[in-house]
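Okay, structure first, notes after.
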Amino acid sequence: MKVYKGSLHKDTLALIEASKGRLKRLISVGLGKPATPTYTIEESIVKHNVGISKEEIQAWVWYRRQMGVPMENWKAYHVDMTQERLAYFVASGFLFIDPIQNGYVPFPVFVFGNMYTKIDRLAKIREHVIENHGEAVFINHLEVLEANKPTPLSIQNPIEKERPIILAISEFTGEFTVDSLKLETGVIIEEASTLKQAYIKWLRSLDEEEIHHTNAREITKYYLRNSRKPMDIEKIAWRELKKITRNEGERLFKEFLHTALTITDQLRIDAYYNSHYNAIAPLQHHKIPIAIEVSKKFMGLDLDIRAAQREGIAFMELIGSGIIAYDVGVGKTITAIIETASAILNGKCKRPLIVVPNSTYGNWLNEMLGLSDTMQGILTGTNITVNKWFNLGSDYSYLDFSKKVPEKSITLITYQGLEKIGFNQRTQDEHFMHLADILEQNTHKSKREAEKDYERIRAIIGVGLKNTVADIEDLGIDYIVIDEAHNFKNIFADVKGDQKNGKYFHITGSTSERGIKAFFLCNYIQRTYGRNVMLLTATPFTNSPMEIYSMLSLVAYEYMRSWGIYNIRTFFEQYIQETTDNVITIEGKIKSKNIVKSFNNRVSLQKLINSHINYKTGEEADIPRPCKINLPKTSQQTDKGIQPLPKDKQLLTYLKMTPTQQAFQKEFNSEASKGASQTDPNRLLRLLNKSLNNALSPYLNYGMPKDFIDFIDSAPKIKYTMECIASVKKWYEKRSLPMSGQVIYMNRGKDFFKYIKEYLEVVVGFQKNRPLKSNPRKKVDEVEFITGDISTAKKEKIKQAFNEGVCKVIIGTSAIREGINLQKKATDLYNLYPDWNPTDLRQVEGRIWRQKNENAFVRITMPLMENSMDIFVFQKLEEKTARINDIWSKANRGNVLDEESLNPNEIKYALITDTKVLLSFELNELAFDLRSKMSFLNKRIADIQTFDEIKEKYTSLKEKLIKDVDAALNRLQDIEIHTTLERTIYFYEMVHINAEDLPKAAAQKVKRLQELQNQLIQLTTNGFEDVLLLQTLSKYYKLIKLYSNPYYFEAFKETVSKFKKIEKTLLTVGLDSKAKTSEILEKFEQELKATQTEYEELSTKEFQDRLEDKIKEEKQKLSVVGADFETRVKEFEKLNHLLSYKFNEVAQDTCSIPEEENPKLATKIKRIKIAKAKAIALQLKRKRAA
């Protein structure tokens, strides 16, 4: 074959150039194969970038090119950014001047990051912005940043859970300084002290009664200063002491911040906290243009890109490195493939690496490349190739790993394959030491100890090891994707202490070689290529703080540092409060363990998480709700996701229609087959509505029932509900227990509620006119209904009665959907009319499925009529609900996520059956509290008896100090400032001399004297305020070089502290220091006498009988209370044994369903029966004896 080697005509060259893309596609697809169409940029703009203008896209593309990303696939949106165009883009809000990056950025980048820092920096470049773009642009920039600034938090907030949380042991408390505390604390700070030092002084000023189960010395020594265990304390006692001092130290520190600090210092702390940890605006995904240039077909069907996947791609475009945390079925794999393809096509990367588990390797290949010509993959037609490296076994020895993999190729390997990829010596020299120190927290280790850690980590990550076949640098890998990344979350084992402070946090985790290698790999990529890490997982972490920090360290280590989260210790200081508690191990043994007491600063933590994790579906895990069982129950949660239940295990609620319902439904179906028409466009919706009404009761569409029996018998759903409720009632009656609450939700047919109520009363046996426990004068029926037209007062009375267990059944419309909590004693909710909106459904469920429900399980039962629109609506509800993101709820529930779910008082009442023992517990606690109160009052009376003396001493000593102030003002004038051979300069002469003309030391002395003089003058004009008086004179005495402070100065310090403490006491009882001592004493002595009377009553039989009755009532509340035609009712009854479980008797995280009734209840009932039998026998015996 002859080959033409001459020059080509220019027209031929132009034709070749124009056809280059087509030729490449032809070569890649192969001759004879039909080309698979791919989406173009323009199609992406129309379909996936709605609401983004052309100019906004141009601004984004220009910015990305400025950042080094070629964006060649966006060529149609490349612009020549002339000065005129730049000015137009800025004036129009398409570009902004970013004060951090010192350049022009699009809107999503401008509002990404710390809003406070940007506002502060913007103010510094104000003149530059106005000079180049005008004042209107500057004002717009400022308004945009202010509008995106989060709502600030404050330690002045009266609601404790909404305040910023700062730990007493944090580094911040050792760095932040205060000059004084509030006057009413009685604590004098003479000179600037750290927050921790001021807290210790305040602690020491507290009375013993104000500190629970420990004292100021123990809190200071064993918690704040972290002293070692004394030799004479047993290990068990030491653990308890550490727990008490930690918990009490932090409780009191919150009080200290809120009540003792001056408003000025509180505002300073607020400003620091908000500007560092509450400064991030929500990510603006919707304003980031994305390009989806992949196959239009996927597995023979049109490729459907969901909104969640679009958000994930935009999310990665903005942050560069992040975690796509999508639940099973949302599409994280497709999101990752499209994002990786986009990164290749826009030039962000050339050679990405995707690491997957063995089990999903084949699925990844199929989804990328497809199965055949008609079963396309996402990359089909894109010219992106895949290097199928699997586990890099012996079959891959032909590969040359010393060369870079081809550009525009994705390398796919398994976890095992990743083990065979290491790092070269150059990378070790550049990055190893720093990353290893981060991992091992080697800030205070000796060289020898650190080197041991380095050797271990070198072996893990594969630096120069023989069992690695390639170095990642030689392969040219510039982007990494890790699937099921939660398998790599074990990176940090613990929070190491330091030589100065020791070890404060003792929660531990575990490390894995896989996790440590991922840490190096991800941080190497980010340091070398500027981000380019994407992790995929449905479960990024549990509630383990180690896992949270570990996962974030893979994608956002440097970002966390910009927040002031420099290491895992500062992460714990900011977000974790630790405690010690007894836990049950896997072997069933009880063991003391350090656990998370609470996640602090929830708002900040969520912002940090959401800034680098794009999560879809789920719900917050901290809400201590009962286990929810939805009926019909056709599936269950397993370790492989939601799996269908075997037929014999399913619990169904599908019911057959009555002949009347079937006739009506047939009529509706016939009408519906005609479709909609111009004359009746709403026919289908109207028929749907009639069908739903018919499924509930045909009387909702036509006619009126003869009586309540006719109404119930005509409606299988309602009849089923009645029988279910009856079964619950019978279950309780059989065990002589009070019945749990039942809620019937019917957002239709309120005119028929009276028939349901009558049936429940006449047939099922519910009573009328029952008194409330809390107010016996108020009465309700055991069956009530709540609709929109009843009064608020009546609604509240019914709610109260229901939560007390007096009212047993509530029938409600949408009036109960929000703002009415019925959870306390409820176990069952029957939803007889399914709503279309899953959020409405969730609101209805939330009436009983919420905190403070005494029961372990709640049933949400939705009876469904076969062959009706019920089934259709139910299926749609399931589909919608599956897409709702609830795991990381943005609901405003405070700034603290409590992890402790057990109430010790409830445990005590649940476990101890002998009311006499409980009575003894209660009496001891009451006696302790009353003795503490009497001790407090006696101390206060003693203080007040000496108050006149203290007051006189206070006044006398203060007069002496005031004289010192007058003397100081005169003496200052004669202090020498500077002496030369010619003359001596005194302070009074400085009014005629410029201090700048003096030597540096003399000028500084002048400055100090002027500050002191100003303070002395301020004292004379502001009434000689105590704290300022002490602080100022302390400086003066040092200046005149007194050997020690005058005796009356030290005496005044002690006296003013006592005086202010008594003054504070008086204020708490509505008096002040001007009141007569006799009046004050009389008030405290009356309170002491009343307390003594209370204490003496503890030993009386009458009081103890009343208390025991109250205990029995409380035990009845905390005892196992729970929550009911034919086959379906029997299936419902299969779960009635769950009514025997109390809330704290079931693990709420797993919600596994017990097969049998609670054995504790059976034992209890048996004991009760035996006790009753014995009581009857005793009565008979006495009768016979009589």
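The values are calculated or read from the model by the stated rules, or taken from the named source; none is laboratory data. Just so it is clear, the structure is predicted and the values come from calculations on it, not from any experiment. Virtual Cβ from ideal backbone geometry, glycine too; neighbours counted across all protein chains shown.
Taking the range 765-789 as the search range and keeping residues that are of a type in the set (A, V, I, L, M) and buried (at least 20 other Cβ atoms within 10 Å of the Cβ), which one is nearest to the chain's Cα centre (by Cα)? That would be 786.
Within the set 332, 388, the sole residue that is of a type in the set (Lys, Arg), more than 14 Å from residue 291 (Cβ to Cβ) and surrounded by 21 or more Cβ atoms within 10 Å (Cβ to Cβ) turns out to be 332.
Looking only at the range 386-417, residues that are under 30 Å from residue 39 (Cα atoms) and touching a helix residue (DSSP H, G or I) at 6+ places or on another chain (Cβ under 8 Å) come to 11 in all.
Within the range 507-518, the presence of a residue that is under 29 Å from residue 352 (Cα atoms), under 19 Å from the mean Cα position of the chain (by Cα), modelled with pLDDT of 75 or more and not in a helix (DSSP H, G or I) is excluded.
Pairs under 7 Å by beta carbon, first residue at positive phi in the range 60-81, partner crowded, with 18+ Cβ neighbours inside 10 Å and of a type in the set (Val, Ile, Thr), six or more apart or different chains? Filtered contacts from the range 60-81: 71/61.
A quick yes/no check of all residues on (1) farther than 26 Å from residue 151 by Cβ; (2) of a type in the set (A, V, I, L, M, F, W, C); (3) at pLDDT below 90:
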site: 161; (1), (2), (3): no, no, yes
site: 184; (1), (2), (3): yes, no, yes
site: 192; (1), (2), (3): yes, yes, yes
site: 203; (1), (2), (3): yes, yes, no
site: 220; (1), (2), (3): yes, no, no
site: 229; (1), (2), (3): yes, no, yes
site: 247; (1), (2), (3): yes, no, yes
site: 257; (1), (2), (3): no, yes, no
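Looking at the range 1-116, the helices (runs of 4 or more DSSP H) lying wholly inside it that each contain 1 or more residues that are at pLDDT below 90 sit at 10-18, 20-29, 41-48. Taken across the range 400-420, residues that are on the phi < 0 side of the Ramachandran plot, modelled with pLDDT under 80 and in the same structural domain as residue 518 (by TED's automatic domain parsing) do not occur at all.
Might you let me know whether the range 149-163 holds any residue that is at positive phi, of a type outside the set (A, V, I, L, M, F, W, C) and part of a loop (DSSP other than H, G, I, E, B)? No, the range 149-163 contains no residue that is at positive phi, of a type outside the set (A, V, I, L, M, F, W, C) and part of a loop (DSSP other than H, G, I, E, B). In the set (1) part of a loop (DSSP other than H, G, I, E, B); (2) surrounded by 20 or more Cβ atoms within 10 Å (Cβ to Cβ); (3) at pLDDT 70 or above, the condition left unmet by residue 551 is number (1).
Of all the residues in the range 982-1001, those that are among the hydrophobic types (A, V, I, L, M, F, W, C) and outside any helix (DSSP H, G or I) number 3. Only a single criterion out of (1) modelled with pLDDT of 90 or more; (2) surrounded by fewer than 19 Cβ atoms within 10 Å (Cβ to Cβ); (3) under 28 Å from the mean Cα position of the chain (by Cα) is not satisfied by residue 347, namely (3). Of all residues in the range 267-297, those being in contact with a strand residue (DSSP E or B) (Cβ under 7 Å, 6 or more places away or on another chain) and assigned to a loop (DSSP other than H, G, I, E, B) number 4. Scanning the range 357-374 for residues that are closer than 15 Å to residue 334 by Cβ and not β-branched (Val, Ile, Thr) yields 363, 364, 365, 366, 367, 368, 369, 370.
Which of the following residues is modelled with pLDDT under 70 and either touching a Leu at 6+ places or on another chain (Cβ under 7 Å) or farther than 30 Å from residue 1138 by Cα (or both): 676, 621, 663? Just one listed residue meets the conditions, 676.
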